[in-house]
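Okay, so here's the structure we're looking at.
The values are calculated or read from the model by the stated rules, or taken from the named source; none is laboratory data. Here the structure is a predicted model, which means the values were calculated and not measured. Quick reminder, even Gly has a Cβ in these numbers, built from the backbone with ideal geometry, and neighbours come from all protein chains shown. These accessible areas exclude ligands, DNA and RNA; they are computed on the full protein's heavy atoms, side chains included. Shrake-Rupley method; radii C 1.70, N 1.55, O 1.52, S 1.80 Å.
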Amino acid sequence: SIPAAYFDEVIQGVEMDLVQSRYRTWEELRDYCYKVASVVGLICIEIFGYSDPAAHDYAVDLGLAMQLTNILRDIREDAERDRIYIPLDDMATFGYSEAELQRGVVNDSFKRLMAFEADRARGYFESGKRLIPLLSREARACPSVLHGLYSAVLDRIESSGYRVFDGRIGLTTAEKLLITARIWARSLIPTVPLLGR
């Protein structure tokens, strides 16, 4: 029952990287993020199972949040490939230039820009979290873990003072395992029958 158009959109999104290395506005970047990330979520919820159509919007938002987090984390690596995913209009608003980004300049303008983008991602995480209870109970662990892991990466980016040019900011294997185990166990607790029933 997965719409074939979803797969076409994922391919279109990946193809964008072959022809586009800058995004003028958030609307342009959102279209890219939707195709490479949100549509994957829409495919997944067809497999997971849901009954409330609102799950579509929340799956889209969770995908946007995760892809934005990737973009903020990978700014240095992308710049080395002459790719800038931060909307150029946002950069202009905060007075931060392409040349500064490509040189890895971290100044007040950059920090304000990053805080703005991180807040945007945080808003999508908050909305995306509403997807979880709409899914079939046995499928909730997977998106719950992804939400937890990517949110933790965003937390780490913020707590570093946005030092994304110093090295790839992420979680250690131990941190990933701990977060995964905690969230996975919590998501399964309601399915465990109580003794005596």
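Side notes on the structure shown:
- When restricted to residues that are free of Cβ contacts under 8 Å to residues at least 60 places away in the same chain and touching a helix residue (DSSP H, G or I) at 6+ places or on another chain (Cβ under 9 Å), the range 130-139 contains 3.
- Complete set of residues in the range 107-117 that are of a type outside the set (Phe, Trp, Tyr) and surrounded by fewer than 18 Cβ atoms within 10 Å (Cβ to Cβ): Asn107, Asp108, Ser109, Lys111, Arg112, Ala115
Conditions tested, residue by residue: (1) farther than 30 Å from Leu88 by Cβ; (2) touching a residue at least 60 places away in the same chain (Cβ under 8 Å).
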| residue | (1), (2) |
| --- | --- |
| Ala115 | no, no |
| Cys142 | yes, yes |
| His147 | no, yes |
| Asp155 | no, no |
| Leu177 | yes, no |
| Arg182 | yes, no |
| Ala185 | yes, no |
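- When the range 1-11 is filtered for residues that are modelled with pLDDT of 95 or more and either under 18 Å from the mean Cα position of the chain (by Cα) or open to solvent by 80 Å² or more (accessible area, probe 1.4 Å) (or both), the ones remaining, listed by number, are Phe7, Asp8, Glu9, Val10, Ile11.
- Restricting the search to helices (runs of 4 or more DSSP H) fully inside the range 49-163 and requiring at least 1 residues that are of a type in the set (S, T, N, Q) gives 54-73, 88-93, 98-103, 108-128, 141-159.
- Within the range 27-42, if we keep just the residues that are open to solvent by less than 30 Å² (accessible area, probe 1.4 Å) and among the hydrophobic types (A, V, I, L, M, F, W, C), the residue that is nearest to Phe7 (Cα to Cα) turns out to be Val39.
- Test result for Ile183, open to solvent by less than 50 Å² (accessible area, probe 1.4 Å) and closer than 19 Å to Leu68 by Cβ: no
- Pairs are defined by a Cβ separation below 7 Å, a sequence spacing of at least 6 or placement on different chains, a first member in the range 93-111 that is at positive phi, and a second member that is assigned to a helix (DSSP H, G or I) and open to solvent by less than 40 Å² (accessible area, probe 1.4 Å); the pairs so defined are Gly95/Ser109.
- Residues satisfying the criterion are present in the range 182-196 (criterion: modelled with pLDDT under 95 and within 19 Å of the chain's Cα centre (by Cα)).
- Residues of the range 1-18 that are out of contact with any helix residue (DSSP H, G or I) (no Cβ under 8 Å at 6 or more places or on another chain) and under 12 Å from Arg83 (Cβ atoms): Asp17, Leu18.
- Whichever residue in the range 164-179 is open to solvent by 70 Å² or more (accessible area, probe 1.4 Å) and not in a helix (DSSP H, G or I) and, among such residues, is farthest from Phe48 (Cα to Cα): Asp166
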